[in-house]
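Let me begin by presenting the structure, written as structure tokens, before commenting on it.
Just so you know, all these numbers are worked out from the coordinates, no wet-lab data involved. Because the structure is predicted, anything quoted here is derived from the model rather than measured. Glycine gets a Cβ as well: all are built from the backbone with ideal geometry, and neighbour counts include every protein chain shown.
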Amino acid sequence: MSILTKEILEAGLREAARIAEGFKPGEAELADAPLLIDWAVEPLFDGLVRLAGQVRGHPLIQDGWITTSPLLAADERAGWARTVSRYYRLGPRLGEAVQ
């Protein structure tokens, strides 16, 4: 598990503000983003949620089951999610057939 530093938290909140203003992450932002498959939304506290699923290609964590930092924004149709710490590319949800 990685530590959420003040710098990581501030960067995540700046990115969430850009997304709230209409920014959509593209190839540049998602090029090195880990892939999350068989994922589900998991409640935390105070209305916060995180993602849980199988990760592939995370720069700090081995491939396998993980839970993310709190979720800030997501577009399932476009295939991405932004957590406090990073972007993820979204594969199929838990229980969905791979197409």
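Select from the stretch 18-44 the residues that are of a type in the set (A, V, I, L, M, F, W, C) and more than 13 Å from VAL84 (Cβ to Cβ) and list them in ascending order.
Within the stretch 18-44, ALA20, PHE23, ALA28, LEU30, ALA31, ALA33, LEU35, LEU36, ILE37, TRP39, ALA40, VAL41 meet the criteria.
Can you tell me which residue among ARG82, ARG86 is basic (Lys, Arg) and either free of Cβ contacts under 8 Å to residues at least 24 places away in the same chain or in contact with a strand residue (DSSP E or B) (Cβ under 6 Å, 6 or more places away or on another chain) (or both)?
It is ARG82.
Can ASP38 be described as on the phi > 0 side of the Ramachandran plot, of a type in the set (Asp, Glu) and in contact (Cβ under 8 Å) with a residue 40 or more places away in the chain? Outline the logic, then answer.
Details: on the phi > 0 side of the Ramachandran plot: yes; of a type in the set (Asp, Glu): yes; in contact (Cβ under 8 Å) with a residue 40 or more places away in the chain: yes.
When the stated conditions are applied, ASP38 passes them.
Scan the stretch 41-79 for residues that are farther than 24 Å from GLY26 by Cβ and without any contact (Cβ under 8 Å) to a residue 12 or more places away in the chain and report the count.
Residues meeting the conditions: 7.
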